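Structure, as structure tokens:
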Protein chains: 2
Amino acid sequence: MVGVKQFDEDIVIEAVLRTFWDKGYCETTMADLAAASGVQRGSLYNAYGGKDRLLLMSLERYGERYGAAAERALEKSSPREAMKAFLESHLDRMLNPKNPAGCLMCQTVMECSGRDDALTDFISRHFQRVEMAIRETLCRGRDGGLLRGDVDVRSLARFFLGVSRGMAVLHRAYGDIEPARDMAKAALKLIDMES
Amino acid sequence: MVGVKQFDEDIVIEAVLRTFWDKGYCETTMADLAAASGVQRGSLYNAYGGKDRLLLMSLERYGERYGAAAERALEKSSPREAMKAFLESHLDRMLNPKNPAGCLMCQTVMECSGRDDALTDFISRHFQRVEMAIRETLCRGRDGGLLRGDVDVRSLARFFLGVSRGMAVLHRAYGDIEPARDMAKAALKLIDMES
DNA sequence: GTTATCTTTGACATTCGTGTCAATGATGGC
DNA sequence: GCCATCATTGACACGAATGTCAAAGATAAC
């Protein structure tokens, strides 16, 4: 039906996000996005402007969903529980059979950071936010006496951020969640050590 | 000069590798590779067959260089020294100002694993080899009494493999080596704990 | 009912990348 | 000297993706 909006924005973004996540930015064409979302190519251009914008919207949506889940996990009072929940939130994402392997943020930054500065900025800011959230959790734990007083929170925060990213690479490369699980299991011991 | 080979294969592969590393597979065109290597597009097709082959050759070269460096590092007798040298071999690669940020293997698997199975196999085999090399180092350490007898070598090997991958993501996302350095520093404490 | 607004839809021009090929010319074996 | 072989080079055809546009039609405000 011409003239009246035919689609639900939410469903479209979801389909677009999934396609980028699965195939990567370059490999995905507007025709792919049209097919995946059931919306005509022209309508996508009309509503969103183009591939760049659609990717950015996908990243925003992705960040809202999984970044928020990670930050909720970090709210637990004990640093041990918080870091465990943080890593498990990533494993949960990987366990969902509807999700492609890996992590959209990591994949996009690995693919596009050489070219698109705006995108790289967006993603590095996302990483920084997570890093800071981890750091605050660690600081709370330290100040509450649950971690050693001389714990290097900067280093440890970057460590856990990096572990979550490494898990995504292992997941995508191996097509199996077990290596990521093993990695998380080992990483958690570091918190016990600083307790 | 028509009729006689104009280029040094080594220089070409090096230029091609660097271009893929910098821009990613999809974003790189044969014209880019021709410009970077100083060899005509037609000659590249004639000598190597196409983009796929060139990428595979680049990955082989990359693996020979950096995979070998990592495995040499793992030959140290003490597990602590071996893991330290292993992670430092990755930092060395990132410190070289001639290298693009990140890691070609990680970037390629993140970008292409959804599409090209042969490529994914190649890279996951590379990861497996590294994983196994780490594991052997850990086993040697355990059997020599330098690690606890009940150390979970599988989990720990995957952990260190994943840490090296996470470092690559942080490096590329932040465009700075410090987060990767911090991550390595924290990860090494895990070995002290298992000693 | 008229008008303004908005979306859909298919078509279109254009650009870009790929892969192939034939012509060209240098080299080396015989 | 002749011939087979091989790499270079530019041209070419083809397909794919992009971004734009005008026509068409539905809706809502007035």
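The values are calculated or read from the model by the stated rules, or taken from the named source; none is laboratory data. Keep in mind that what you see is a predicted model, and the values were worked out from it rather than measured. Quick reminder, even Gly has a Cβ in these numbers, built from the backbone with ideal geometry, and neighbours come from all protein chains shown.
At-a-glance table
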item: Restricting the stretch B:157-188 to residues that are of a type in the set (D, E, K, R) and facing chain A (nearest Cβ under 7 Å), the residue that is surrounded by the most Cβ atoms within 10 Å (Cβ to Cβ); result: B:R165
item: Unmet criterion (only one of (1) crowded, with 18+ Cβ neighbours inside 10 Å; (2) closer than 19 Å to A:R181 by Cα; (3) touching a Ser or Thr at 6+ places or on another chain (Cβ under 8 Å)) for A:R80; result: (1)
item: Close pairs from the stretch B:131-145: first on the phi > 0 side of the Ramachandran plot, partner part of a helix (DSSP H, G or I), Cβ under 6 Å, at least 6 apart; result: none
item: Members of the stretch A:41-55 that are more than 9 Å from DNA strand D (Cβ to nearest atom) and in contact with a helix residue (DSSP H, G or I) (Cβ under 7 Å, 6 or more places away or on another chain); result: A:Y48, A:L54, A:L55
item: Checklist (1) in contact (Cβ under 8 Å) with a residue 24 or more places away in the chain; (2) surrounded by fewer than 22 Cβ atoms within 10 Å (Cβ to Cβ) applied to A:G24, failing item; result: (2)
item: Condition met for A:G114 (buried (at least 17 other Cβ atoms within 10 Å of the Cβ), of a type in the set (G, A, S) and at pLDDT below 95); result: yes
item: The one condition in (1) within 9 Å of another protein chain (Cβ to nearest Cβ); (2) touching a residue at least 40 places away in the same chain (Cβ under 8 Å) that A:S124 fails to fulfil; result: (2)
item: Positions within the stretch B:134-154 being assigned to a helix (DSSP H, G or I) and either at pLDDT below 95 or surrounded by fewer than 21 Cβ atoms within 10 Å (Cβ to Cβ) (or both), in sequence order; result: B:R135, B:E136, B:C139, B:R140, B:R142, B:D143, B:V153, B:R154
item: Filter pass, A:A70 being farther than 17 Å from A:A118 by Cβ, touching a residue at least 60 places away in the same chain (Cβ under 8 Å) and surrounded by 13 or more Cβ atoms within 10 Å (Cβ to Cβ); result: yes
item: Elements of type helices (runs of 4 or more DSSP H) contained in the stretch B:1-118, each with 2 or more residues being away from chain A (no Cβ under 12 Å); result: B:9-23, B:30-37, B:41-48, B:51-62, B:68-73, B:79-95
